[in-house]
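The values are calculated or read from the model by the stated rules, or taken from the named source; none is laboratory data. Quick caveat, the model's predicted, so the values are computed rather than measured. Because the Cβ atoms are built from the backbone with ideal geometry, glycine has one as well, and the counts that use them run over all protein chains shown. Please note that ligands, DNA and RNA were not included when accessible areas were found on the heavy atoms of the full protein model with its side chains. Shrake-Rupley method; radii C 1.70, N 1.55, O 1.52, S 1.80 Å.
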Amino acid sequence: MLRTFLAMASATALLLPIGTRAQPAELIVTNAKIATLDAASTTAQALAVREGRIVAVGGAGEMRAFSGPRTRTVDAGGRTVIPGLIDSHMHAVRAALSYSTEVNWIGAGSIAEAMARIRTAASRARPGGWLIVAGGWTEQQFAERRRPTMAELQEAAPEHPVYVQLFYEAVVMTPKALEALGVAAGALPAGMKPAADGASGWMTGDIVGISALFDKLPKPTYADNVAGTRAFFSELNRLGITGLVDPGGFSIAPSQYAALFELWREKALTLRVAYSVFAQKPGAELQEFRELTQMLPMGFGDDMLKFNGLGERVTLAMYNNNFPDAAAKEKFYELIKWAALRKLAVTIHWQENGSVDHLLGLYEKLDAEVPIKDLRWSIAHLDDASPETLARMKALGIGWTLQDAMYFQGDRALTVRGEAARRMPPIGSAMRAGVNVGAGTDAHRVASYNPFVALQWMLDGKTVSGKAMRGPDETPTREQALRLYTAGSAWFSFDEAKRGTLEVGKLADFAILDQDFFAVPVERIGKTMSLMTVVGGRVVYAARPFDAAGTSVAVAP
């Protein structure tokens with residue numbers, strides 16, 4: 001449990017240079033339950049911020065020394081304050097591009113509710129405009145426990161082409177959508193086949209084929225990209241997110257980062273983004289990376305936006321390939337050696353423990369030639385990592401980015417793997433092995449971006465349908481889970497000394513929550529929201545009572 005601030009309160013002033021103590025803070029938060037997540041698990045009552053960093057943490061009385069005529073003082077009303085959440089693996093740049101034009105089914109509890117969202121979107125769309133649900137949902141979240149049919153989609157939006165994607169596994173398109181893409185009546189798009197379960201209108205494919213199909217859909221305008229990025233980042237702020245690590249992704253070319261860069265230039269970003277570059281040219285990945293990074297050294301940027309290496313597809317031949325041949329492995333080795341020599345971080349998508357020896361064997365070979373232990377390389381997914389795999393990762397300095405895929409797909413895992421699924425993912429084993437772990441979602445095509453849904457799942461191990469899955473040995477405490485979503489994730493962008501905890505000298509990234517994460521019943525954690533989110537001392541999101549209409553924000557006399 002978090003201990004009180006009393007032991008550290010008297011020492012706080014001693015940690016501060018005299019010049020720092022003499023200057024007023026710009027923001028003070030008081031009357032709070034502040035989970036600092038420092039090494040001693042301290043709980044404080046107040047903090048002060050100046051020039052984007054925390055200058056004091058302790059008791060309310062100590063903050064008087066930092067108050068000045070222009071100091072903004074926020075009375076938190078006894079609410080819990082946590083370090084800003086950091087998603088260690090979110091395809092946010094891509095999701096943001098179309099956020100303002102897509103239909104979102106995240107959180108819809110029934111097909112009727114999902115269809116109502118389609119109808120609402122149709123009423124607002126231009127005549128004949130596309131309605132696209134790009135992901136973030138599963139049939140298990142619906143009371144009906146099934147997918148909507150093509151007929152239901154047609155009834156909801158008869159005058160619009162509709163495209164709905166389920167993970168990277170299945171797609172349904174209404175006749176108007178197929179016609180708009182030039183697909184003949186009765187035919188299917190290239191690479192797709194009818195769904196084996198016979199679901200009306202649904203078709204299946206793999207991640208490459210479905211991504212290629214998505215690329216054929218009409219693209220939002222650049223103005224849509226900018227508006228979507230602003231709106232999506234604000235939505236993440238509403239959920240207490242202050243930073244993320246973006247692993248690139250299918251369907252996003254380098255030119256499509258322009259909206260993100262524009263907001264950065266305007267100093268209008270409301271969360272910190274560390275982004276990787278993703279190989280988009282099969283067979284020519286090394287040349288592509290050379291071209292993209294020749295004027296983009298590792299870490300280039302600032303505290304709001306910076307380049308974070310390569311991934312999560314490094315080469316197509318090794319992507320989702322459980323049986324790579326010698327040629328595929330040789331080409332991959334050439335690329336990772338090039339990356340290691342240039343001290344670039346590498347993150348890679350790998351799902352199956354049964355085949356991960358192909359990957360780790362190459363990493364071990366490389367480490368003997370070019371040490372990689374300090375490069376912050378990481379593996380995403382790998383929900384069934386064995387103790388032996390985790391030990392190898394620890395020895396290599398390889399981190400693990402953990403997502404809540406089993407919240408959405410755990411029912412299937414239980415059916416296929418039985419009792420073995422109860423250690424998926426092995427959160428407890430990874431922490432005991434000393435592997436660096438960062439929490440996240442993999443949003444938005446395959447999951448919701450809501451961090452509190454992920455945190456609840458980390459704690460109760462229940463799938464979206466309510467089935468208990470993960471056993472107690474693999475379940476963290478609340479504080480441990482929160483650390484994985486803050487300081488744990490900060491490690492993957494080399495930022496753990498700058499953020500992830502609320503300590504003097506660190507960046508002032510934090511959120512005031514609407515309910516106590518540490519005390520509320522676990523089944524309610526997923527409903528948590530931020531009432532005020534701060535990034536670098538700047539309020540980027542505020543709701544009552546902390547918005548302009550609220551009464552709990554005052555200027556100190």
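Can you list the HN-Hα couplings for the stretch 517-524, worked out from phi with the Karplus curve (6.51, -1.76, 1.60; θ = phi - 60°), rounded to whole Hz and with x for Gly and Pro? Residue by residue, the stretch 517-524 yields 3, 7, 10, 5, x, 4, 5, 9 Hz. Given the alternatives (i) 1.19; (ii) 0.98; (iii) 1.38, Cα Rg over 2.2 N^0.38 Å as computed for this entry is given by (ii).
Please label the shape of the stretch 476-518 as rounded, prolate or oblate, based on the square roots a ≥ b ≥ c of the eigenvalues of the alpha-carbon gyration tensor (a/c under 1.5 means rounded; beyond that, a/b larger than b/c means prolate, else oblate). The shape class here is oblate. Take the cross-link list 193/467; 365/394; 33/462; 498/527; 373/506 and give me the ones stretching past 20 Å between alpha-carbons. Over 20 Å Cα-Cα: 193/467; 33/462; 498/527; 373/506. Evaluating 6.51 cos²θ - 1.76 cosθ + 1.60 at θ = phi - 60° for every residue in the stretch 479-493, the Karplus couplings come out as 5, 4, 4, 5, 4, 5, 8, 10, 4, x, 5, 4, 4, 6, 10 Hz, glycine and proline recorded as x. The H on the amide N of residue 503, modeled in the peptide plane, is under 5 Å from the matching H of no residue at least 5 residues off or on a different chain.
Counting DSSP beta bridges in the chain, what percent are antiparallel, to the nearest 5? So the antiparallel bridges in the chain amount to around 50 percent. Rolling a 1.4 Å probe over the protein heavy atoms gives the chain an accessible area of 39 Å² per residue. Computed from the alpha carbon atoms alone, the convex hull of the stretch 231-285 holds 89 Å³ per residue.
Spin-label model, residue 268 to residue 432: label points 7 Å out along the Cα-to-beta-carbon direction sit 5.0 nm apart. Taking 7 Å steps out from each Cα toward its Cβ at residue 40 and residue 370 produces label points 4.4 nm apart. Residues whose amide H lies under 5 Å from that of residue 137, counting only those 5 or more places away or on a different chain, are 167; hydrogens are built 1.01 Å from N in the peptide plane. Taking only protein heavy atoms and a 1.4 Å probe, the accessible area of the chain is 55% carbon and sulfur. Per-residue accessible area (protein heavy atoms, 1.4 Å probe) orders 417, 376, 342 as 342, 417, 376, starting from the largest. Here the relative contact order of the stretch 273-361, from alpha carbon pairs under 8 Å that lie six or more residues apart, stands at 30 percent.
Binning the C-alpha pair distances of the stretch 81-226 at 5 Å intervals from 0 yields a P(r) profile of 2, 9, 18, 23, 21, 16, 7, 3, 1, 1, 0, 0 %, listed from the shortest bin outward. Peptide packing for 495-503, 28-36 was compared via the average number of neighbouring C-beta atoms within 10 Å per residue; ordered from the highest value, the list is 28-36, 495-503. Once amide H atoms are built 1.01 Å from N in the peptide plane, which residues 5 or more positions from residue 73, or in another chain, come under 5 Å H to H? Hits under the 5 Å cutoff: 28, 554, 555, 556. Karplus-derived 3J(HN,Hα) values for the stretch 76-83, using 6.51 cos²θ - 1.76 cosθ + 1.60 with θ = phi - 60°, are 6, x, x, 6, 7, 10, 10, x Hz; glycine and proline are entered as x. Evaluated with a Cβ-only charge set (Lys, Arg +1; Asp, Glu -1), the chain carries a dipole of roughly 1060 debye about its Cα centre, given to the nearest 20.
A straight chain from residue 196 to residue 468 at 0.36 nm per residue would run longer than the Cα-Cα distance by 95.2 nm. The slack between residue 206 and residue 543, meaning 0.36 nm per residue of separation minus the straight C-alpha distance, is 117.2 nm. Between 450, 247, 41, the Cα set farthest toward the positive side of the dipole of the chain (charges on each charged residue's Cβ, about the Cα centre) is that of 41. Normalised by the number of residues in the stretch 90-177, the average gap of Cα pairs under 8 Å and 6 or more apart makes the relative contact order 29 percent.
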